[in-house]
1. Filter the stretch 139-175 down to residues that are open to solvent by 50 Å² or more (accessible area, probe 1.4 Å) and closer than 19 Å to GLU14 by Cβ, then give me how many there are.
2. Residues in the stretch 156-172 that are assigned to a strand (DSSP E or B) and over 17 Å from THR216 (Cβ atoms): how many?
3. With respect to the numbered conditions (1) of a type in the set (Ser, Thr, Tyr); (2) surrounded by fewer than 22 Cβ atoms within 10 Å (Cβ to Cβ); (3) modelled with pLDDT of 95 or more, which one is the sole condition not fulfilled by THR97?
4. If a residue has to be among the β-branched types (Val, Ile, Thr), modelled with pLDDT of 95 or more and more than 13 Å from ALA78 (Cα to Cα) to count, how many in the stretch 4-56 make the cut?
5. Going by the structure shown, is SER180 touching a Gly at 6+ places or on another chain (Cβ under 9 Å), touching a residue at least 12 places away in the same chain (Cβ under 8 Å), exposed (fewer than 13 other Cβ atoms within 10 Å of the Cβ) and farther than 27 Å from ALA78 by Cα?
6. Taking the condition of being touching a residue at least 60 places away in the same chain (Cβ under 8 Å) and either in contact with a Cys (Cβ under 9 Å, 6 or more places away or on another chain) or part of a loop (DSSP other than H, G, I, E, B) (or both), how many residues in the stretch 216-230 meet it?
7. For the stretch 183-199, name all the residues that are in a helix (DSSP H, G or I) and touching a residue at least 40 places away in the same chain (Cβ under 8 Å).
8. Is it fair to say GLY47 is touching a residue at least 12 places away in the same chain (Cβ under 8 Å), touching a strand residue (DSSP E or B) at 6+ places or on another chain (Cβ under 6 Å) and surrounded by 14 or more Cβ atoms within 10 Å (Cβ to Cβ)?
Amino acid sequence: MPKYGRILLKLSGEVLAGEGSFGIDPERVSALAAEVTEVARTGVQIGLVVGGGNFFRGVAAAAKSMERVTADHMGMLATVINSLALQDALEKQNMPTRVMTAIQMHQVAEPYIRRRAIRHLEKGRIVIFAAGTSNPYFSTDTAATLRGLEIHAEVVAKATRVDGVYDKDPLVNPDAVRFSEIPYSDVLARNLRVMDASAVAMCRDNHLPIIVFNLTVRGNIMRMATGERIGTLIH
């Protein structure tokens with residue numbers, strides 16, 4: 001039985017690359033779509049925000065010499081590519097899906113309109129929010145938090161390659177300790193960098209819980225949706 005009626009699921013772009021470091025792995029995207037569809041069919045309404053790191057990391061060196069605003073716009077367009085790939089994979093699972101973009105591109109996707117997005121969710125469609133907030137200097141973490149608040153999601157679920165929030169980088173420090181739950185204030189005070197500080201502060205100010213969990217373990221999206229204690233709960 002699902003614990004949450006409406007979820008904002010934030011995916012890192014790197015997850016779509018699978019074992020590669022760049023681009024889209026069709027098998028990984030298909031498996032991910034199958035998991036998301038399984039959860040949606042239990043009645044959970046799902047909004048999705050996906051990052052663009054699997055494309056933009058590849059041009060990051062070139063972007064260093066660019067103006068920040070230009071580089072951020074390139075990153076937003078990378079999220080649109082990923083969103084369309086996810087939409088295609090979800091629709092192959094016979095799951096009705098809509099991509100809504102913060103940057104208008106009518107031939108590709110719907111423009112983001114909050115009330116229309118909520119209506120799609122109520123009709124059982126998965127809604128993928130692309131192109132961030134359309135503003136530079138804001139990450140996809142902040143976009144996910146903003147969209148989560150706007151659609152009245154009950155939780156922001158950040159799916160990554162690590163299984164929660166640690167006191168230090170677990171990939172570098174084998175003695176790192178994982179928290180099962182932690183207050184927003186501790187995440188900010190200790191600069192734990194699990195999400196952008198602005199995203200965590202927005203969740204804190206609006207009492208929106210965050211769950212950070214490992215997406216690479218099959219079935220974890222369903223476990224998170226049913227309230228099983230996985231990853232780290234920030235509240």
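The values are calculated or read from the model by the stated rules, or taken from the named source; none is laboratory data. Predicted, not measured: the structure shown is a model, and the values here were computed from it. Cβ sites come from the backbone with ideal geometry, for glycine too, and all protein chains shown count toward neighbours. Keep in mind that these areas ignore ligands, DNA and RNA; they rest on the heavy atoms of the full protein, side chains included. Shrake-Rupley method; radii C 1.70, N 1.55, O 1.52, S 1.80 Å.
1. Looking only at that region, the number is 5.
2. Number of matching residues: 1.
3. (2)
4. Qualifying residue count for the region: 8.
5. Answer is yes for this residue.
6. The total comes to 6.
7. Hits for the stretch 183-199 are TYR184, VAL187, SER198, ALA199.
8. When the stated conditions are applied, GLY47 passes them.
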